[in-house]
Amino acid sequence: MKKNISEIRQMFFDFFEKKNHKIITGSSLIPENDTSLLFTNAGMNQFKDIFLEKIIPTNKRVVTSQYCIRAGGKHNDLENVGYTTQHHTFFEMLGNFSFGDYFKNEAIQFAWELLTSKKWFNLSKDKLFVTIHEQDYETYNIWKNKIGIPDKHIFLTKNKKYNSENFWKMGDTGPCGPCTEIFYNNQKNIKNNNLTTITNINKNQYIEIWNLVFIQFNQKNNKTLIPLSTPFVDTGMGLERITSIIQKVYSNYDIDIFRKLIFSISQILKINNLNHKSLYVLADHIRSCSFLINYGITPSSEGRGYVLRRIIRRAIRHGYALGVKDIFFYKLLKPLISIMNDTNNQLKKKQLKIEKILRTEEKQFIYILKRGIHILKKKLKNTKKNTITGKVAFNLYDTYGFPIDLTIEICKEHKTKVDIEELKKIMKKKCKNTRKKNLTHFKNIESQINQKPTKFLGYKKKECQGKIITLLKNNQETKIIYEKEEATVILDKTSFYGESGGQIGDSGILQSNNGTIFEVFNTKKYKNGIFAHIGILKNGKLILGEKLNAKINVKKRNLIQSNHSSTHLLYATLKKVLDKNIQKKGSFINEKYLHFDFTYSKSINNKQIYQIENIINKHIKKNIPIITKIITLNENNINKKNTIKSLYDKYGKKIRILIIKNISTEFCCGTHANKTGDIKIFHIISEYSIASGVRRIKAITGETAIKSFYEKRKLIDNINEIINNNDEKIILNKIQKLQNFYYKYKKEIQKSQLKKYLQTNILSNNNIKKINGIRILSKNINNIDTKKLRIIAKNLKNKEKNMIIILTTKKKEKIIIIVCVTNDLINQIQANTIIYKIIQKIDGKGGGKKDFAEGGGNNIISLQDILSELKILISNIIIK
Ligand code: SER
């Protein structure tokens with residue numbers, strides 16, 4: 001029977017667990033504390049700091065399955081989806097990692113064993129090909145001489161050493177190194193290959209299945225490559241691709257989960273042709289969009305939100321191409337949830353939220369889409385030489401908001417080109433006029449805006465007036481914003497806090513005197529001190545130079561402030577309860593919770609957690625004022641103390657200090673509660689290690705904490721009801737008893753099942769023969785785990801008398817034999833003597849004790865012959 005995708009994932013884990021790797025959960029799709037990446041694009045991302053030797057790993061060998069997004073950023077496959085059988089915007093990457101432990105030799109041997117061993121993936125060696133950089137002699141030597149791959153299966157890349165297909169980089173900066181890729185040739189008849197360069201590889205015929213990267217450098221910037229002192233291994237294998245090979249379908253879209261998903265989508269949309277490429281696109285895009293929203297991304301006009309928007313819009317366009325008339329994309333989430341069956345049921349928990357966001361986005365876009373397609377189709381009819389001018393594509397985008405990538409894709413379907421060169425020229429000219437260079441990436445905003453830093457008044461004022469000094473639409477400067485358009489508004493003054501120092505940015509509204517309302521979803525702070533309000537214009541118009549009232553969402557801000565002040569109390573308390581030397585490693589604060597990372601190498605017990613909570617809640621009860629002071633750094637000190645010097649370099653001469661009486665004094669730019677009493681209550685919800693020597697505490701405060709207590713109380717009430725008691729001791733006692741009872745009962749069921757099995761399948765007279773008065777039970781059972789076979793044999797040995805038990809199982813080309821002798825016979829005949837005789841006949845190895853022995857060997861004679869041979873051997877021994 002075909003293995004399904006979950007079984008294949010599990011085999012990967014099992015294999016590497018056997019090779020002493022620890023299974024680690026994949027990380028979020030949004031890289032934490034890493035601005036160099038838009039999305040998690042490889043399994044190694046979460047280990048970046050280990051590769052860069054900033055933290056010491058707890059385990060030197062790990063294995064993961066990582067959700068990845070490859071849309072936007074360095075690795076972008078968005079445009080390929082629907083046109084190839086192997087590309088996705090969202091996929092799962094399996095990987096094994098060595099952190100300064102094994103290197104090229106073992107990494108290659110592990111890969112080869114997993115792929116080709118009969119016990120594992122059992123792929124034909126003839127179909128595997130590898131690529132190597134032509135100067136990587138060590139890797140070449142391993143493949144050629146240790147693994148024994150013939151030369152015609154090796155492709156050498158000839159590009160520049162550190163800039164080729166065989167040199168993997170996670171992004172523009174970060175860990176990188178030479179790699180060797182393994183390809184599978186899916187053609188039936190493999191012709192003799194005399195190819196010498198990777199460029200000759202035909203991607204439909206050769207499917208890249210595994211990339212083994214030998215991380216040896218840190219790419220600092222586009223020129224500098226710094227060697228690392230320890231070499232690491234990072235491997236990545238697309239789960240969907242390997243599944244397509246093991247399931248022998250050779251297209252990711254034909255593997256089990258995709259077939260089911262595509263079928264469900266076709267039912268919802270009433271499409272008969274299950275091989276329509278737009279169905280592939282929808283199946284792929286609903287996965288990426290749902291998981292991105294699940295990880296907190298919402299569609300917007302910049303950064304991650306913009307990529308999400310592009311994917312949603314592309315999906316909607318493909319729905320439209322299929323002839324769908326209604327809002328539909330959100331409906332595809334339901335089948336996805338049941339088919340994906342993702343480990344934490346994450347999507348199910350957020351189903352309503354994800355559906356709502358997808359529905360709203362589609363509603364907003366459908367008008368733009370219909371209008372754009374209508375105009376484009378007219379142009380396509382009148383096009384000359386099958387080319388659409390850059391001007392037409394630009395106008396569609398600039399005037400009608402129709403995405404350029406959709407124009408290009410639709411034109412491609414009509415076998416028409418877009419004059420990209422002309423389009424680029426127009427864009428460039430437009431950019432020049434508006435003083436922009438690169439308008440597509442959110443990080444560039446700060447270099448584009450050449451204005452004075454924004455005056456932040458939000459420490460004291462929840463509302464203030466500011467003048468619009470810059471307006472951005474689709475990251476381009478503009479003078480006017482119309483209703484329903486998304487934009488970025490920059491004011492000379494604001495009360496909105498911009499995302500920094502672990503605290504999220506404020507949301508709220510910008511309002512004009514004539515009633516125009518701009519809803520701010522988020523506020524970002526750029527390095528040049530500029531605060532950008534990101535949001536959507538609800539009604540009216542926004543005009544450059546206009547004055548607006550900037551009103552933050554006070555309720556949300558108060559919640560954030562409580563969490564932020566609690567972080568300071570937590571830091572001080574941790575030093576008191578755990579160790580005065582602990583150091584802050586990072587924090588994240590929003591309106592719902594806070595988390596705080598710190599150096600500490602031991603685990604923290606419940607008693608310590610209660611103590612920490614208790615101390616903080618006492619500070620809260622005392623309602624201590626939280627005050628701030630601006631201090632000016634003394635020139636003399638600046639160069640003396642490193643800490644002061646680094647503060648000076650980062651923030652200039654004046655720094656802001658937050659003081660909570662004699663409890664905590666810390667440098668901080670964030671916004672805070674006025675008094676500790678505002679926090680109401682502090683409650684730790686989890687504590688765990690995030691890296692070697694670094695722990696994270698996650699906590700909640702105020703109403704959120706109270707709500708959580710109520711939920712826990714509800715849980716306890718439900719338990720009380722089931723147990724029918726409310727005395728704590730009795731409840732715990734009963735649960736313990738139930739637990740014990742459960743395990744006992746489970747064991748008994750297993751025992752009785754085994755008994756039944758023995759009675760019906762093994763102890764039948766057909767399997768028992770008498771030789772010299774001794775009962776010989778011999779039986780071959782296939783498709784059984786050796787462990788189970790041992791249990792069965794031992795069970796029989798303990799129950800029966802006057803019996804020699806011989807159980808065998810055949811696994812591929814091997815045979816495993818278990819021999820047991822009941823205690824009343826071991827003075828006359830021993831299990832290890834029997835096994836020793838047998839293994840000589842089967843060309844194998846084995847051994848054991850008097851009552852139990854085991855052996856295995858190559859199947860050189862048939863099982864039936866072995867069994868009769870055994871009988872002779874046993875009768876000989878007994879006669880002696
Ligand atoms: N980081 C490498 C890749 O993504 C191997 O995992 O291909």
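Yes/no per residue for (1) within 28 Å of L406 (Cα to Cα); (2) open to solvent by less than 10 Å² (accessible area, probe 1.4 Å); (3) among the polar types (S, T, N, Q):
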position: I30; (1), (2), (3): yes, no, no
position: Q46; (1), (2), (3): no, no, yes
position: I55; (1), (2), (3): no, no, no
position: T64; (1), (2), (3): no, yes, yes
> Looking at I660, is it at pLDDT below 90 and either surrounded by 12 or more Cβ atoms within 10 Å (Cβ to Cβ) or in contact with a strand residue (DSSP E or B) (Cβ under 9 Å, 6 or more places away or on another chain) (or both)?
Replying inline: no
> Across the range 11-59, what is the number of residues that are away from the ligand (no atom under 14 Å from the Cβ) and among the aromatic types (F, W, Y)?
Replying inline: 2
>> I want to confirm something. Restricting to the range 166-177 and keeping residues that are more than 10 Å from the ligand (Cβ to nearest atom) and surrounded by fewer than 24 Cβ atoms within 10 Å (Cβ to Cβ), which single residue is farthest from the chain's Cα centre (by Cα)?
In response: F167
>> Take the conditions within 30 Å of W120 (Cβ to Cβ) and polar (S, T, N, Q) and apply them to N827. Does it pass?
In response: no
> How about the range 681-706: which of its residues are buried (at least 17 other Cβ atoms within 10 Å of the Cβ) and over 15 Å from S587 (Cβ atoms)?
Replying inline: I681, H683, A691, G702, T704, A705
> open to solvent by less than 10 Å² (accessible area, probe 1.4 Å) and either closer than 19 Å to K460 by Cα or small (G, A, S) (or both): does that describe D506?
Replying inline: yes
>> Here are the criteria: (1) touching an Asp or Glu at 6+ places or on another chain (Cβ under 7 Å); (2) within 28 Å of I255 (Cβ to Cβ); (3) within 12 Å of the ligand (Cβ to nearest atom); (4) not hydroxyl-bearing (S, T, Y). Tell me which single one V81 does not satisfy.
In response: (3)
> How many residues does the range 533-551 hold that are open to solvent by 10 Å² or more (accessible area, probe 1.4 Å) and in contact (Cβ under 8 Å) with a residue 60 or more places away in the chain?
Replying inline: 9
>> If the requirement is being within 48 Å of the chain's Cα centre (by Cα), open to solvent by 90 Å² or more (accessible area, probe 1.4 Å) and not basic (K, R), which of these qualifies: L758, L732, L754?
In response: L732
> Is it true that E413 is surrounded by fewer than 19 Cβ atoms within 10 Å (Cβ to Cβ), within 20 Å of R314 (Cα to Cα) and modelled with pLDDT of 90 or more?
Replying inline: no
>> So, in the range 596-613, how many residues would count as being part of a helix (DSSP H, G or I) and within 15 Å of T567 (Cα to Cα)?
In response: 3
>> Which pairs turn up if I take residues in the range 767-793 that are under 13 Å from S875 (Cβ atoms) and look for partners that are open to solvent by 60 Å² or more (accessible area, probe 1.4 Å) with beta carbon separation below 6 Å, at least 6 apart in sequence or on another chain?
In response: I776/K769
>> Going by what's in this entry, would I8 be described as touching a strand residue (DSSP E or B) at 6+ places or on another chain (Cβ under 7 Å) and more than 12 Å from the ligand (Cβ to nearest atom)?
In response: no
>> Within the range 84-100, take every residue that is within 29 Å of N222 (Cα to Cα) and part of a loop (DSSP other than H, G, I, E, B) and give me the one that is farthest from the ligand (Cβ to nearest atom).
In response: G100
> Any idea which residue in the range 105-164 is surrounded by the most Cβ atoms within 10 Å (Cβ to Cβ), counting only those that are in a loop (DSSP other than H, G, I, E, B) and among the charged types (D, E, K, R)?
Replying inline: D136
> Pairs, please: C-beta under 7 Å, at least 6 apart or cross-chain, first residue among the small types (G, A, S) and in the range 665-683, second surrounded by fewer than 20 Cβ atoms within 10 Å (Cβ to Cβ)?
Replying inline: G670/G501; G677/N623
>> For the structure I just gave you, tell me whether G73 is more than 19 Å from I286 (Cβ to Cβ), more than 15 Å from the chain's Cα centre (by Cα), within 16 Å of the ligand (Cβ to nearest atom) and surrounded by fewer than 22 Cβ atoms within 10 Å (Cβ to Cβ).
In response: yes
> Looking at (1) modelled with pLDDT of 90 or more; (2) open to solvent by less than 50 Å² (accessible area, probe 1.4 Å); (3) more than 38 Å from the chain's Cα centre (by Cα), which is the only condition K455 fails?
Replying inline: (2)
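This table checks each residue for (1) at positive phi; (2) open to solvent by less than 20 Å² (accessible area, probe 1.4 Å); (3) at pLDDT below 90; (4) in contact with a Ser or Thr (Cβ under 9 Å, 6 or more places away or on another chain).
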residue	(1), (2), (3), (4)
I316	no, yes, no, no
G319	no, yes, no, yes
I327	no, no, no, no
K331	no, no, no, no
D342	no, yes, yes, no
N345	yes, no, yes, no
K353	no, no, no, no
I357	no, no, no, yes
E362	no, yes, no, no
> Among the listed residues K3, K18, which satisfies the condition of being surrounded by fewer than 18 Cβ atoms within 10 Å (Cβ to Cβ), more than 17 Å from the chain's Cα centre (by Cα) and at pLDDT 95 or above?
Replying inline: K18
>> Tell me the residue from L732, L715, L738, L796 that is assigned to a helix (DSSP H, G or I), touching a strand residue (DSSP E or B) at 6+ places or on another chain (Cβ under 7 Å) and at negative phi, please.
In response: L796
>> Can you tell me which residue is most open to solvent (accessible area, probe 1.4 Å) among those in the range 76-95 that are polar (S, T, N, Q) and more than 20 Å from I316 (Cα to Cα)?
In response: T85
> So which residues in the range 850-875 are at pLDDT 75 or above and loosely packed, with under 12 Cβ neighbours inside 10 Å?
Replying inline: N858
> If we keep just the residues of the range 189-225 that are exposed (fewer than 11 other Cβ atoms within 10 Å of the Cβ) and modelled with pLDDT of 65 or more, which is farthest from the ligand (Cβ to nearest atom)?
Replying inline: K223
> Hey, among the residues in the range 580-636 that are hydroxyl-bearing (S, T, Y) and farther than 22 Å from C668 by Cα, which one's least open to solvent (accessible area, probe 1.4 Å)?
Replying inline: Y600
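The values are calculated or read from the model by the stated rules, or taken from the named source; none is laboratory data. Here the structure is a predicted model, which means the values were calculated and not measured. Glycine gets a Cβ as well: all are built from the backbone with ideal geometry, and neighbour counts include every protein chain shown. Ligands, DNA and RNA are excluded from the accessible area calculation, which covers all protein heavy atoms including side chains. Shrake-Rupley method; radii C 1.70, N 1.55, O 1.52, S 1.80 Å.
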